[in-house]
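Please treat every number below as a calculation from the coordinates, not as lab data. Small disclaimer: the values here were computed from a predicted structure and weren't measured. Because the Cβ atoms are built from the backbone with ideal geometry, glycine has one as well, and the counts that use them run over all protein chains shown.
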Amino acid sequence: MDRISTNLPNDNMQFFLRERQKMMEQAQNQIASQSRIQNLRDDPLAASHATRYRSYTARLERYSDNIQTVQERNRIAEGRVQEATDLLQRARELAVQGAHGTYAPEDLEHMAVEVEQIIEQMVEIANSRGSDGTTIFAGDRSQQLPFRALRGMRAGGEQEMVTEVQYRGTINPQSAEVGENSYIQTNFMGNQVFWAENQRIQSRTDAGDYQVNQDGSFSIDGVEIEVREGDNAYSIIQKINESGAAVRARLDPVYNSMVVESTTPHQVWMQDQPGSTVLQDLGLINGGDGRAPENIAPSARRSGGSVFDALINLRDQLAAGDQEAVGGRGIQAMDQSLDNMLTTLGRIGAVNARLEGAFERTEMEIPEVIAQDSRNTDVDLAEAVMELRQLESTHRAALGVSARIIQPTLLDFLR
Amino acid sequence: MQSTFSGIELGKRGILAHQQALQTTGHNLTNASSEGYSRQRVQLQATLPLYRPQLNRPERAGQVGQGVEVARIERVRDELLDGRIITASGDQSYWETRDRYILQMEQVYNEVGDSSVRNLMDRFWDGWQELSLYPEQRASREAVLQRGQALVEGIQLRFKNLDRIRDMVEQEIRGNVDQANSLIQDIADLNREITNVKAAGDEPNDLLDRRDLLVDRLSEHLDITVDDRDPDEFSVYTAGYHIVQGRIARPFDIEANQQNEGFSDVTWSHNGERVQFRGGNLGALLELRDQDLRTEIQELDTMAVNVMDLVNEVHRDGYGINGRTGQDFFTEYPAILNAQGNYDRNQDGTFDSSYVFRVNGTNSLDLQAQIGLSGTMSLPAGSDIAEGGILDVPYRAADTVEDVIARVNNSGADVTARLNREGQLEIKATTARDRSQPDFVLRHLEDSGQFLTGYAGILAESGDEGALRWDQPDAVLALRGETATRQGADFAVAPLMHPSGWMEVNPAVVREPAAIASSFSVAGEPGETGDGRAALEIASIRNSAVGIGRADTLDDYFADTVARIGLKGEESEQALNTSERILKDLTDLRQSISGVNIDEELAEMIKFQHGYQAAARFISNIDQMLDTIINRMGV
């Protein structure tokens, strides 16, 4: 431009002043808020990543929380199971002593009384509550006591004793999310923890010619199994065995009837779904509104009891002075109960160890993600302050120069 | 023969000419800071000399000059540069308006901070996690309720902010159209005045300056070009149409468009056709209102309607601790009342359309199973990608269910497909590509083969007779009906208004937090108090690939939203800086050519002053000479 009009230097000075002030304000805002991103336009892709980092961090913190909650529940349950194990050890000692044959009937009677106390204590442990007031071993019926002790007078006894302990909880597993799409069970079923023997339910109804007459389904241990019209006993057996429930089905050779056995010690629950009568027709459960576990058909035989059944039997054997029974079935039942309890303890320990690992990993990941987010969006303070200083000094220089450019005109020199 | 008084006449001409030159210099000086002023120069030229070769020519040396006259007063202006400036000014105005509003839109999102909708939604899912761990406690239900309400408020606030910006844009469109109309009228009036002045032989410099200024102002509103090759008809065009043609003005009209939520269209007054703006602030505003803001509101609606639907799906199957089931967690207020989705679109009192948002099949499908069928599905799509708004999506026997679903989702149709939690095929409508179609309405569903009918269990019949069409009432009769052994195909009715603006937590749940579902049923009975599986499943919506419009997970949706608006902002800021620089360079150049330099004017002033003095001196000399002849000779 060869010719400079009078307004041009003025306009230019304003233009560049405005630009520099914009830059200074942006630098100031960045320093004040510690964030490189004042508006999304400052770095759209970094902002987009930042939303993912922040959400992920929140999720990781939730997982960390959940892990600690589950570990806490597990520790409390572990403590209780440990107490129960100690009680069972004591009962086993009593059984061994009672089987000696060196004790008089009165001593055996005293042992029976002690076993009765053990039973009461065991019921208390089984009905114990966790730190939030919910029962530990009730499945998901967590506001009610899982075990109900029925009492009655024993023949020859002076006071009421426990005759039966029934399980009143449920078998629904509850889970908590401890990692991305990774769940872990949080609750305990009383009829697994406090069980002694494998349960077997044997029907007496001949199943040889049985055929299902309409599509339906039934559930065993909460696992739903579908049957189609025309299925016979063999296909039902195969479906049960492949279903993933912890049971095995077979045909009894004597009665040609269905037998359902558990593969690990627990109480087997069977239920027909609404609209289907398969289990009822096979003679395993009775019809009507009966709920598991009380819905076993009267004609079917059920065997395999809980820890309470074992203790009650031991007490009765001791009270009756039946030393052979004590030494035989009594000790065997104690051993089986202990075995199952120790298995449970082992499982809880293993789960907690796994959770410990998960917790450490999560706790390490959280600061890493936060660091990545920070690298992404935080401002480098040293750099920003230096830039601000530089802008300030150029600003002063520019203002000084502008003042001189707004120079005198010819008017000042004419007379 | 020379006239006696020709000397005085000469001097007089000199004085007058220099006076006029001084006047013009003074005009320049006083207008140095006037906007749009171009400096004027007086062109002095010698008057016609005497004598021409004519009969009464005296016999002496000629031609004798007769003094000075002002040939013309012209303004120093580069008209070609003006044309470039008009274009650059339209650009700058477009980007400046766009930048301003996009910045407002960015700020609505409140990212990356802790009070954004994303953060509220994270806390909402967290509430369900907490409920799944402690389903017996009332406190965890209250927490879910409060966070749900906070989320709804956050979404509604974002909707209201976007809506408010849209209203502001609408107001600005109307204001700018009014301004443009008055400028157009003024230019036409000036044209008349200028042609009159030119017809009289004068240079209407100041009027021309004024007209150029008005044209500059008009170029900020819309993209124009200028044609002044014909001196009697100064024309201003936009997109090939005349706005001003000499003294004829063609202003704009504003008409409310019911198909576009009552927002206005800008039309030509004389024939009612819509005007296409491609630049200037009107171009930017219309684009912002009808594309950018509409997209943002649509994306927000998509997120709201999908989250509502996903949560409600699980919640309806779940049980509260009071044993109640079948309740929605989120509802829309007001709801479209007809359960079949029938709607009276043209407001004439009878149902004429069906507004269905989602259909589910009756059969559980397996993603990896080969379908073994072939045929073509007809799905609704925008009219710019499919003829007549219907897009054909084929499927073949060797495709797996997953392949078919992916093909539907990538086809560009206005639907998405997925398998819901029971494995049933679910087809949901998305926002409509065409502005005239309603959002979230399944406009057409047809299958020539058996995939949608027998295999997935959505439609009752194949082919044209079994198609679900929205332009008739009771379209849901085309869906597979109930039989003795199973239920019919499930469907959900479309929201009438923007879901994000009208969603709320179900008032029944607000009244009774115990109805918040946490458990699932076991063998037909309500779940136990300690069962939190439903809550856990709702919480898992957060990071599952559930299909929010085109995004897979909610994380993707939020990240995409931020990136989209941030990139628009980055682009507009960059473009604004560039166009500002370009405009500045051009206006600086114009200043250089047409601007007043005070020193230069003062120097000119001195020059003309001397000239004036010299002419005055000359007159007094001639006067003295005449005095000698008249008064001194022969007395």
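Peptide B:529-536 is shielded by partner chain Cβ atoms: per residue, an average of 6 of them sit within 10 Å of its Cβ. Expressed as a whole number of Å, what is the distance separating the alpha-carbon centroids of the range A:176-229 and the range B:358-418? So the separation of the two Cα centres works out to 38 Å. A viscosity of 1.002 mPa s and a temperature of 20 °C, combined with the Kirkwood radius over C-alpha pairs in the Stokes-Einstein formula, give the range B:210-250 a diffusion coefficient of 208 µm²/s.
Over the C-alpha atoms of the range B:456-596, the Rg to Rh ratio, Rh being the Kirkwood estimate, stands at 1.26.
Using the beta-carbon distance between A:Arg301 and A:Asp86 and R0 = 56 Å, what value does 1/(1 + (r/R0)^6) give for FRET efficiency, to the nearest 0.05?
0.95
Three principal axis extents of the range B:37-122 based on alpha-carbon atoms, in descending order, are 110, 16, 13 Å. One quarter of the surface of the convex hull around the alpha-carbon atoms of the range A:333-376 equals 2.7 nm², the direction-averaged projected area. Kirkwood Rh over Cα pairs of the range A:158-317 into Stokes-Einstein at 10 °C, 1.306 mPa s: D in µm²/s? Stokes-Einstein gives a translational diffusion coefficient of 93 µm²/s.
Based on the Cα coordinates of the range A:276-330, what is the per residue volume of their convex hull in Å³?
106 Å³
Charging the Cβ of each Asp and Glu at -1 and of each Lys and Arg at +1, and nothing else, the dipole of the range B:486-635 about its Cα centre rounds to 560 debye.
Each of the peptides A:132-140, A:316-324, B:384-392, A:113-121 was scored by the mean count of other Cβ atoms within 10 Å over its residues; in descending order, highest first, they stand as A:132-140, A:316-324, A:113-121, B:384-392. Listing B:Lys198, B:Lys568 from fewest to most neighbouring C-beta atoms within 10 Å gives B:Lys198, B:Lys568. Summary value for chain B: 20 percent relative contact order, contacts being C-alpha pairs under 8 angstrom separated by 6+ residues. Per residue, the convex hull spanned by the Cα atoms of chain B amounts to 227 cubic angstrom.
Residue by residue along A:56-65, Cβ atoms of other protein chains within 10 Å of the local Cβ number 3 on average. FRET efficiency for the pair B:Arg57 and B:Ile248, taken as 1/(1 + (r/R0)^6) with r the Cβ-Cβ distance and R0 = 56 Å, rounds to 0.60. Volume per residue of the convex hull around the Cα atoms, evaluated for the range A:48-153, comes out as 117 Å³.
Evaluate the distance, in nm, between pseudo-label points positioned 7 Å from the Cα of A:Leu414 and of A:Val223 along their respective Cα→Cβ axes. Rounded to a tenth, the inter-label distance reads 10.9 nm. Using the Cβ-Cβ distance between A:Glu261 and A:Leu342 with R0 set to 30 Å, the FRET efficiency from 1/(1 + (r/R0)^6) comes to roughly 0.85.
In vacuo Debye scattering of chain A, one point per C-alpha: log10 I(q)/I(0) at q = 0.06, 0.09, 0.14 Å⁻¹? Result of the Debye calculation: -0.47, -0.74, -1.24.
Note on B:Lys607: lysines with a C-alpha under 27 Å away, same-chain residues under 8 apart excluded, are B:Lys12. The range A:240-264 and the range B:499-562 have Cα centres lying 39 Å from one another. Just so you know, the Rg over Rh for the range A:1-94 is 1.64, from Cα atoms, with Rh as the Kirkwood radius.
In terms of other Cβ atoms within 10 Å, A:Trp269, B:Trp502 run from fewest to most in the order B:Trp502, A:Trp269. Take each residue of peptide B:550-562, count the partner chain Cβ atoms within 10 Å of its Cβ, and average: the result is 3. Taking the number of Cβ atoms within 10 Å of each Cβ as an exposure proxy, the fewest-first ranking of B:Asp206, A:Asp221 is B:Asp206, A:Asp221.
Please work out the Kirkwood hydrodynamic radius for the protein assembly as shown, using every pair of different C-alpha atoms, and report it in angstroms with one decimal place.
Values: mean 1/r = 0.0265 Å⁻¹.
So the Kirkwood estimate lands at 37.7 Å.
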